[in-house]
Amino acid sequence: MPIKALDPKVVARIAAGEVVDRPASVVKELVENSLDAGSSQISVEVKSGGVSLIKVTDNGSGIPSGEVGLAFDRYATSKVANLEDLESIRSLGFRGEALPSIAAVAQVDMVSCATDEKAGAYLSLIDGVISGQGSRGRSQGTTVTVSNLFRKIPARLKFLKSVATENSHIANVVSQYALAFPEVKFSLLIDSRVALRTPGSGRLIDGIAEVYGNDIAANMIELNADTTAPLPRVTGMVGSPKVSRSGRGYLSFFVNRRWVNSRMLAKAVEEAYHGLLMVGKHPVAVINISLPSQDVDVNIHPAKSEVKFRNDSAIFGAVQRAVRQVLTEQVTVPRIMAAATEPVFPTVLKETASLPYAGAATGLIPSAPTPAMSLPVLRVLGQLDNSYIIAEGPDGLYLIDQHAAHERILFEKIRQQRSQREVEVQGLLEPITFEVSPRQEAILKSRYQDLAEFGFTIEPFGDRTFLIRALPALIHDRDWAGMLRELLDSLSRGDKSDWAEGVTITMACHGAVRAGQSLADAEMRELLRQLEQCITPHTCPHGRPTMIHLSSSQLKKEFGRT
Ligand code: ADP
Ligand code: MG
């Protein structure tokens, strides 16, 4: 459609703002214009961090010669015409703001040649005022040259970071759009040096190889590429956990191919990697979400870099599922700790035991028990009342409360696994829905991350309903739902460390073998062996004793033999 000044009613609805705060934002606006013009080749050239020169050349549709001047009028755009159009924006630009804003703070020259026109139109502006125009030969497309950015605004110039920093922001903008549009050939020249060149092959992996290098490209996994899948559709590639990074800078999100920042999306991806990455590591991901344009509001942020989804939780779930699915299917890397979780029970035990303490305590405990606290080696004599283990030590008789002792073992194990981010997780084949009260819901929502550290993968599903996708291995076959509710009710207050301690205690309690449960000899031996490894074996996490010791001299005294 032709470029037209927007109706003031439409202008009033636009989340206007200062779009040009640094050279990279000029690059972003110009590249977005080139993409909106359907270009298949876009080259960007910058000098001195973009301050002395930014030049963007494309082979897109061009601007009809009669409209070149209009393009620099404020709120003049060819992309939206009325209020309804704002409801479903399909182009990257829509405000008619960028060119006039850039022209107001720099010298701008534009040469553009539209389809079917013989010669290009030329327009030059200095600080927003036209200083020259005419026609100039060029092939179809547009070249915008921005020089002396912020020359008249020393305060803005002073605010800029070093040339290197501004260059890195510019390189990031071009890289992100190169990832979003792999079918477009991008090139970026920084101070006459080629910083990026993509082939425009249409294959995302080629773009990734150029932007992130071959090492990362070799370890990328493609998300379901079915282009007929229903919307919202999540496509792109994610890195195998082998190529994790120490920052979030390698997470790219596009919504209908618009580059966006979104903590929510970052979280969805990170949750999908739960249990697969080392502590402090972040994944690599290039993800596009396609959805009907009415389902996303792109008009909420001055730089258009944030969006608002109509249904946040549906998008969160879709992204998390898409990523999780390929990770579980394709990642052959064992879960962290897989080696240490080798069951230590003899095979015979595994058949009968419902005991959940499958993890070896050996090697898990950070420091050896201090002699004062440590347990001597105990020999199992039998079980009393299906609740107590009777054992003999070097100095008399021990009666061990099996539940309390197991609680202690699990408590230390959970605490240690969590501190090392090596919690054993049981993924569920089918997610289970979990309903909560409004109050529980509020608490649950504020505790996703805290619970994730314990191995719960929980995502919102609807009104007071959540989906449980993974559980701590320790309690997956227990009444975890009851446990979760108990947690949400009892642990609403307190800071994170109180909370974590509370969760650890509750999980240990629910995971531990009960009183009244009959144990085989080998199970009892294993329990005692693990208790011996504990740092604080004599009390359960609630502070109650795990055992009663009758020394040989006490026994003699009891029996009247001195
Ligand atoms: P917006 O992109 O929001 O419409 P801009 O100020 O960025 O506003 O651009 C104004 C208009 O100029 C656009 O609507 C478009 O018609 C035209 N235009 C700008 N850059 C280009 C380009 N590289 N190729 C074709 N047309 C362009
Ligand atoms: Mg624009």
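The values are calculated or read from the model by the stated rules, or taken from the named source; none is laboratory data. The model shown is predicted, which means the values in this text are computed figures rather than measured ones. So basically every Cβ, Gly included, is an ideal-geometry build from the backbone, and we count neighbours across all protein chains shown. Only protein heavy atoms, including side chains, enter the accessible area calculation; ligands, DNA and RNA are left aside. Shrake-Rupley method; radii C 1.70, N 1.55, O 1.52, S 1.80 Å.
Calculated on the alpha-carbon coordinates, the convex hull of the chain measures out at 185 cubic angstrom per residue. For R151 and S437, a Förster radius of 51 Å and the Cβ-Cβ distance give a FRET efficiency of 0.25, rounded to the nearest 0.05. Pop out the carbon and sulfur fraction of the accessible area of the chain as a percent, whole number, probe 1.4 Å. Taking all protein chains in place, the chain shows 51 percent carbon and sulfur surface.
Could you tell me whether region 380-516 comes out rounded, prolate or oblate from its Cα gyration tensor? Rule is a ≥ b ≥ c as square roots of the eigenvalues, rounded for a/c under 1.5, then prolate if a/b exceeds b/c, otherwise oblate. It comes out prolate by the Cα gyration axes. Quick one: accessible surface of F254, probe radius 1.4 Å, all protein chains present, in square angstrom to the nearest 10. F254 has an accessible surface of roughly 0 Å² with all protein chains in place. Calculated mean residue ellipticity, 222 nm, the chain: -9500 deg cm²/dmol, from DSSP H runs (n ≥ 4) at -39500 (n - 2.57) each, averaged per residue and rounded to 500.
The dipole here belongs to the chain: it is taken about the Cα centre, uses +1 on the Cβ of Lys and Arg and -1 on the Cβ of Asp and Glu, and is about 1260 debye.
When +1 charges are put on Lys and Arg Cβ atoms and -1 charges on Asp and Glu Cβ atoms, the dipole computed for region 1-155 relative to its Cα centre reaches about 340 debye. The slack between Q517 and N214, meaning 0.36 nm per residue of separation minus the straight C-alpha distance, is 103.4 nm. Against the chain, whose longest principal axis is taken from its Cα atoms, helix 402-419 shows a tilt of about 30°.
Electrostatic tally near C540: other residues with Cβ closer than 9 Å to its Cβ, Lys and Arg +1, Asp and Glu -1, net 0. Positive contributions from Lys and Arg (+1) and negative ones from Asp and Glu (-1), summed over other residues with Cβ under 11 Å from the Cβ of L160, come out at +2. Shown here for region 513-560: trypsin sites (Lys or Arg not before Pro) in loop regions (DSSP other than H, G, I, E, B) with at most 14 other Cβ atoms within 10 Å, namely R514. Counting only alpha carbon atoms, the long axis of helix 263-272 and the longest principal axis of the chain meet at about 40°.
Name the long-range amide H neighbours of A285: under 5 Å, sequence gap of 5 or more, or other chain; modelled H, no Pro or chain starts. Here the answer is G239, L251, S252, since their amide H atoms fall under 5 Å of that of A285. Can you find, among A81, G482, S293, the residue farthest towards the positive end of the dipole of the chain? Put +1 on the C-beta of Lys and Arg, -1 on that of Asp and Glu. Checked the options; the winner is A81. Rounded to the nearest 10 Å², what accessible area does F461 show when all protein chains are kept and the probe is 1.4 Å? For F461, solvent-accessible area is about 120 Å². Give the angle, between 0 and 90 degrees and rounded to the nearest 10, that separates the Cα long axis of helix 480-490 from the longest principal axis of the Cα atoms of the chain. Rounded to the nearest ten degrees, it is 80. Amide H contacts of M547 (H built 1.01 Å from N, in plane; Pro and chain starts excluded): D401 sit under 5 Å, all sequence-distant by 5 or more or on other chains.
Applying a threshold of 21 Å to the alpha-carbon distances of K47/K161; K28/K79; K281/K304; K28/K55 flags K281/K304 as lying beyond it.
Of E424, E29, the residue with the largest accessible area leads and the full order is E424, E29 (1.4 Å probe). Taking the charge dipole of region 377-493 about its Cα centre, with +1 at Lys and Arg Cβ atoms and -1 at Asp and Glu Cβ atoms, the residue from P472, A405, G462 reaching farthest to the positive side is G462.
Here D479 and N386 are evaluated by their C-beta separation; at R0 = 25 Å the FRET efficiency comes out at 0.80.
Each of W259, W499 has its accessible area taken with a 1.4 Å probe; listed largest first, they run W259, W499.
With a 1.4 Å probe rolled over the protein heavy atoms of all chains, the accessible area of Y122, Y388, Y273 falls in the order Y388, Y122, Y273, largest first. Within the shell defined by Cβ-Cβ distances under 12 Å, the residues around S124 carry a net charge of -1, with Lys and Arg each +1 and Asp and Glu each -1.
Between the beta carbons of H542 and T465, assuming R0 = 41 Å, the FRET efficiency works out to 0.80 to the nearest 0.05. Rounded to two decimals, the Cα radius of gyration of region 67-186 over 2.2 N^0.38 Å is 1.21. Computed packing ranks the peptides 206-216, 471-481 as 471-481, 206-216, most packed first, by mean other Cβ atoms within 10 Å. Each residue of region 40-53 was assigned a 3J(HN,Hα) from its phi angle through the Karplus expression (A = 6.51, B = -1.76, C = 1.60, θ = phi - 60°), giving 10, 9, 9, 10, 10, 10, 10, 10, 6, x, x, 6, 7, 8 Hz with x at Gly and Pro. Along the axis of the charge dipole computed for region 141-249 (Cβ charges of +1 for Lys and Arg, -1 for Asp and Glu, origin at the Cα centre), the listed residues V146, G239, V211 are led at the positive end by V146. The solvent-accessible area of R22, taken with every protein chain present and a 1.4 Å probe, is close to 60 Å².
Place the peptides 234-246, 543-555 in order of packing, highest mean first, counting for every residue the other Cβ atoms within 10 Å and averaging per peptide.
Those peptides, ordered most packed to least, come out 234-246, 543-555.
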